[in-house]
1. Taking the residues in region 74-116 that are surrounded by fewer than 19 Cβ atoms within 10 Å (Cβ to Cβ) and within 22 Å of Leu161 (Cα to Cα) as candidates, determine which candidate is farthest from the ligand (Cβ to nearest atom).
2. Taking the criterion of being within 12 Å of the ligand (Cβ to nearest atom), at negative phi, touching a His at 6+ places or on another chain (Cβ under 9 Å) and at pLDDT 95 or above, would at least one residue in region 40-58 satisfy it?
3. Pull up region 85-114, narrow it to residues that are assigned to a loop (DSSP other than H, G, I, E, B) and among the aliphatic types (A, V, I, L, M), then point me to the one that is farthest from the chain's Cα centre (by Cα).
4. Which residues, taken from region 60-73, are surrounded by fewer than 16 Cβ atoms within 10 Å (Cβ to Cβ) and assigned to a strand (DSSP E or B)?
5. Does region 128-151 hold any residues that are within 15 Å of the ligand (Cβ to nearest atom) and touching a strand residue (DSSP E or B) at 6+ places or on another chain (Cβ under 9 Å), and which are they?
Amino acid sequence: MKSTLLRITQAAALALTLSAGAAYAAGDHAGHAMPAASTPIGKPGDAARVTRTIDVDMSDAMRFTPASIEVKAGETVRLNVRNSGKIRHELVLGTDADLKSHYDMMMKDPGMRHEEANAVSLEAGKSGQIVWRFDKAGKVSFGCLEPGHYTAGMKGSVSVL
Ligand SMILES: [Cu+2]
């Protein structure tokens, strides 16, 4: 009886720790959130205007498949992202400079989660989506900013034509 109670208390304490950690990570990251207005990489898309869905796989080989995607300027695309690995991965859209600086932050604070519109962070086996409007011709990069992944080559790019 006593040990059951102890276990419940431990579970409650763990849950509290986890939620406090999540709140900290979200709060810590809020200052870096992208504005909803257009940015150098485009902006969050309207799901009703999606013209194309592109499946992207993330694997423990530290690769995105496909790693290069082509879209037309002005196109709103749904990236249907799947983590087929056994560890967490994420897909974050950004300029190379954005990704690099976020990656450096992740190295200092590995618990951080990306929950902005330009990112999806997925546990093993999970799927998620990003709806994004690529409104300027050029290159938009993406990467997995989990510690060690980006530098192992877990990156790709969207050519906006
Ligand atoms: Cu990864």
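1. Among residues in region 74-116 that are surrounded by fewer than 19 Cβ atoms within 10 Å (Cβ to Cβ) and within 22 Å of Leu161 (Cα to Cα), the one farthest from the ligand (Cβ to nearest atom) is Gly74.
2. Within region 40-58 (the criterion being within 12 Å of the ligand (Cβ to nearest atom), at negative phi, touching a His at 6+ places or on another chain (Cβ under 9 Å) and at pLDDT 95 or above), the answer is yes, since at least one residue qualifies.
3. From region 85-114, those assigned to a loop (DSSP other than H, G, I, E, B) are 85-88, 95, 109-114; that's our starting set.
Then drop every residue that is not among the aliphatic types (A, V, I, L, M), which leaves 87, 112.
Working: Ile87: 14, Met112: 11 Å.
In this case the residue turns out to be Ile87.
4. Residues of region 60-73 surrounded by fewer than 16 Cβ atoms within 10 Å (Cβ to Cβ): 60-61, 65-68, 70, 72-73.
Result: Thr65, Ser68, Glu70.
5. Taking region 128-151 as the starting set, the residues that turn out to be within 15 Å of the ligand (Cβ to nearest atom) are 128, 141-151.
Hits for region 128-151 are Gly128, Ser141, Phe142, Gly143, Cys144, Leu145, Glu146, His149, Tyr150.
The values are calculated or read from the model by the stated rules, or taken from the named source; none is laboratory data. Treat the numbers as computed from the prediction; the structure is a model and nothing was measured. Virtual Cβ from ideal backbone geometry, glycine too; neighbours counted across all protein chains shown.
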